[in-house]
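Coordinate-derived values only; no laboratory data. Everything numeric in this text was worked out from a predicted model, so none of it was measured. Methodologically, a virtual Cβ is constructed for each residue, glycine included, from the backbone with ideal geometry; neighbour enumeration extends over all protein chains shown.
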Amino acid sequence: MKIHLSDDLLEYLRDKGATVITVDKITSKSCCGSGLPSSDVYLGQSKRKDKKYNIYEVNNVEVFIDKDLFFIDDICNIELLNLPLTKGLKANFLDYKKLI
């Protein structure tokens, strides 16, 4: 698996003093959700004890990726989202053919 962290994300991590990112698999089961798996990306280690992770070291950052996630060509791009009044993280290129 290749992990790419965007330059603005690396700068954000340095500013926050963060060294760990977690990418969790989530599936919406609500009446309005699509039911398709997606990912939740956040700073810090997961508190979910029932999940297993692959751990990667990228640019002095530990990246925990849920073992149930698959990415196209085994490449996970993690980027910084600039949302109004806040910032978030996202992981790109989930392989839905393998996830469903």
Worksheet item: Under a GNM of the chain (C-alpha, springs under 10 Å), which listed residue has the highest mean-square fluctuation: Leu43, Leu13, Leu83?
Response: Leu83
Item to complete: Return one number: the angle in degrees, 0 to 90 and rounded to the nearest 10, between the long axis of the Cα atoms of helix 7-16 and the longest principal axis of the Cα atoms of the chain.
Response: 70 degrees
Practice prompt. Order these peptides, 18-24, 69-75, 56-62, 44-50, by their mean beta-carbon neighbour count within 10 angstrom, highest first.
Written response: 18-24, 69-75, 56-62, 44-50
Fill in: Options (1) 52, 18, 16; (2) 57, 31, 20; (3) 38, 31, 28 - which one matches Cα extents along the principal axes in Å as calculated here
(3)
Worksheet entry | the stretch 55-96 shape via C-alpha gyration tensor axes, a/c threshold 1.5 | oblate
Worksheet item: Just how many pairs of Lys in the stretch 43-100 have C-alpha atoms closer than 26 Å, counting pairs that are eight or more places apart or on different chains?
Response: 21
Worksheet item: Could you give the dipole magnitude of the chain about its Cα centre, charging the beta-carbon of Lys and Arg +1 and that of Asp and Glu -1, in debye to the nearest 20?
Response: 500 debye
